[in-house]
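Trainee: The structure that follows is given in the form of structure tokens.
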């Protein structure tokens, strides 16, 4: 089971790295086309934006551990373990409920876009936006698992990571 | 402010305080707002998707992150350090001055303070500690303080975000950051020199002059990076977003082909790390923009503008007020959140008072960068602590003179807009 998850994890990571590499590559193609060949291409912009959208939500769904997010954890880290568990459980519960409430309306919103095709490549937009639905499902599953851990009183992973590991991703400033 | 909005703010504050990721805290509070005000809850998802998908400008973010990561993996940082050591190592407190200079050059290539502190900053802390003349707290403080300059000297991710919310030109914002960045550097070097004299920190063994050309040549491809980047943007050849891609490509070529310090394995790590940071940042940006949408539908910026107008604030009074507010918030909030959510609240008032948007943007970004070294929530403190193990309280204590110097620089920039606007005006800015 653990091995299966580790394998899946490597695949989702590789997919995210590939999306970023592709975004970078297509961007270079666009620059080369515009400045060297003098033929501006419309499809590159669309592909870049689609890759960026997918990268954000794919990465958010599968590649970021809860500890990778930008968080204000000064208070969280200053309270004792049992209180941290309560904090974590409340946060996870609220996130699950909020995502669950908005899931069906979002499904409606995304499916509505099947009538629209993208500007240059003609891809049906609900395919492009469907990544957000996957993201919502993954987040609900992720926080469901966390909630279970907190309620079962198992040690949370958070306590073991260093300040840098908590903050190395997600800051750009 | 409606009751729904007040409740949403409460939800946001509570969720953030108990340690939920900021992005999810904002999504949850947006959903709470929509529910309470009887609107369609899918609006939150719609805004989230559209704000990420619609902005071509935001593509600069993953590209700048990738460029910085490539430079940190290749031996570019080492070569720059050698060069800076040859240039300023001979002065009192030499290694600390070296770190400040290297941060300045590095900032001309990366748009991120964290990349600066985690990459080149970590190496220079080790170099300082190895000499035995610097306390760990001081070494950490120098690195954290000098990293704040990274996003002031172009390129700059925070300025891209400000351009997004304020509709100002990134090119002029970038140019507006050059003199302020140099001013901040000079202040930091002066403080370092003062402390070095007081503590009698010796200079480094001077690098013989005949070695100087060799060291410079080795660092030259790296030193050329800011030149290429800026010439591309201001020569009109590339847009700032394209410049970000060109910067990443250049870093890749220099590290991979010229210095031969990049393996396929490390390249994969660069892309994966950049993908993770981009996703995490993208979530914060997207969710902050949902929140912006709600703030806008509630007419908060306009109400705030009316309130401010009734106070009859002068330009100076308004700037002083906002700067103190942003600094206070900087102790608690992430810089991205301040730029995307808090600053837009004040833009209508700034406009009404006739404050130049480029000036306001640059000083606000300087302000937010100072917020990165103010406890309890100071990203650069966390990064230096995490990469080196130097306790945060030591960095904060030794960092106090640097904080004062940066605040002095901010005050000068706020009250002398010409320092920010002179350079953009030379390049045709009509503000």
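The values are calculated or read from the model by the stated rules, or taken from the named source; none is laboratory data. On a predicted model such as this, the values are computed, not experimentally measured, just so you know. So basically every Cβ, Gly included, is an ideal-geometry build from the backbone, and we count neighbours across all protein chains shown.
Per-residue answers, yes or no, for (1) within 25 Å of residue B:276 (Cα to Cα); (2) modelled with pLDDT of 95 or more:
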position	(1), (2)
A:57	yes, yes
A:76	yes, no
A:84	no, no
A:96	yes, yes
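Trainee: Within the stretch A:23-42, is even one residue under 17 Å from the mean Cα position of the chain (by Cα) and closer than 30 Å to residue B:40 by Cβ?
Mentor: No, that holds for no residue.
Trainee: Same structure, new question: Condition first: in contact with a helix residue (DSSP H, G or I) (Cβ under 8 Å, 6 or more places away or on another chain) and more than 7 Å from every other protein chain (Cβ to nearest Cβ). Now tell me which residues in the stretch B:11-24 satisfy that.
Mentor: Answer for the stretch B:11-24, where residues must be in contact with a helix residue (DSSP H, G or I) (Cβ under 8 Å, 6 or more places away or on another chain) and more than 7 Å from every other protein chain (Cβ to nearest Cβ): B:11, B:12.
Trainee: Being surrounded by 16 or more Cβ atoms within 10 Å (Cβ to Cβ) and either without any contact (Cβ under 8 Å) to a residue 12 or more places away in the chain or assigned to a loop (DSSP other than H, G, I, E, B) (or both) is the filter here; which residues of the stretch A:110-136 pass it?
Mentor: A:118
Trainee: With respect to the numbered conditions (1) more than 19 Å from the chain's Cα centre (by Cα); (2) within 30 Å of residue B:171 (Cβ to Cβ); (3) outside any loop (DSSP other than H, G, I, E, B), which one is the sole condition not fulfilled by residue B:393?
Mentor: (2)
Trainee: Now for a different question. Give the stretch B:148-169 a look and list any residue that's crowded, with 23+ Cβ neighbours inside 10 Å and under 18 Å from residue B:59 (Cβ atoms), or say none.
Mentor: Of everything in the stretch B:148-169, those that are crowded, with 23+ Cβ neighbours inside 10 Å and under 18 Å from residue B:59 (Cβ atoms) turn out to be B:151, B:154, B:155, B:156, B:157, B:158, B:159, B:160, B:161, B:162, B:163.
Trainee: Let me ask something else. Count, please, the residues in the stretch A:35-56 that happen to be at the interface with chain B (Cβ under 8 Å from one of its Cβ atoms) and surrounded by fewer than 18 Cβ atoms within 10 Å (Cβ to Cβ).
Mentor: Looking only at that region, the number is 2.
Trainee: Return the only residue of B:176, B:111, B:121, B:137 being away from every other protein chain (no Cβ under 14 Å), touching a residue at least 12 places away in the same chain (Cβ under 8 Å) and under 20 Å from the mean Cα position of the chain (by Cα).
Mentor: Residue meeting the stated conditions: B:176.
Trainee: State whether the residues of the stretch A:65-79 include one that is more than 9 Å from chain B (Cβ to nearest Cβ) and part of a loop (DSSP other than H, G, I, E, B).
Mentor: Within the stretch A:65-79 (the criterion being more than 9 Å from chain B (Cβ to nearest Cβ) and part of a loop (DSSP other than H, G, I, E, B)), the answer is yes, since at least one residue qualifies.
Trainee: Does residue A:59 satisfy the condition of being facing chain B (nearest Cβ under 9 Å) and either under 19 Å from residue B:285 (Cα atoms) or under 24 Å from the mean Cα position of the chain (by Cα) (or both)?
Mentor: Considered against the rule, which asks whether it is facing chain B (nearest Cβ under 9 Å) and either under 19 Å from residue B:285 (Cα atoms) or under 24 Å from the mean Cα position of the chain (by Cα) (or both), residue A:59 comes out as yes.
Trainee: May I pose another question? Sort out which residues of the stretch B:25-73 are within 23 Å of the chain's Cα centre (by Cα), at the interface with chain A (Cβ under 7 Å from one of its Cβ atoms) and more than 18 Å from residue A:45 (Cβ to Cβ), and write them in order of number.
Mentor: B:65, B:66
Trainee: Could you check the stretch A:137-149 and list, in sequence order, the residues that are more than 10 Å from chain B (Cβ to nearest Cβ) and either within 17 Å of the chain's Cα centre (by Cα) or surrounded by 15 or more Cβ atoms within 10 Å (Cβ to Cβ) (or both)?
Mentor: A:137, A:138, A:140, A:141, A:142, A:144, A:145, A:146, A:147, A:149
Trainee: Which of the residues belonging to the stretch B:336-376 are facing chain A (nearest Cβ under 9 Å) and surrounded by fewer than 22 Cβ atoms within 10 Å (Cβ to Cβ)?
Mentor: B:375, B:376, listed by residue number.
Trainee: Quick check: anything in the stretch B:220-227 within 10 Å of another protein chain (Cβ to nearest Cβ), more than 24 Å from residue A:63 (Cβ to Cβ) and without any contact (Cβ under 8 Å) to a residue 24 or more places away in the chain?
Mentor: no
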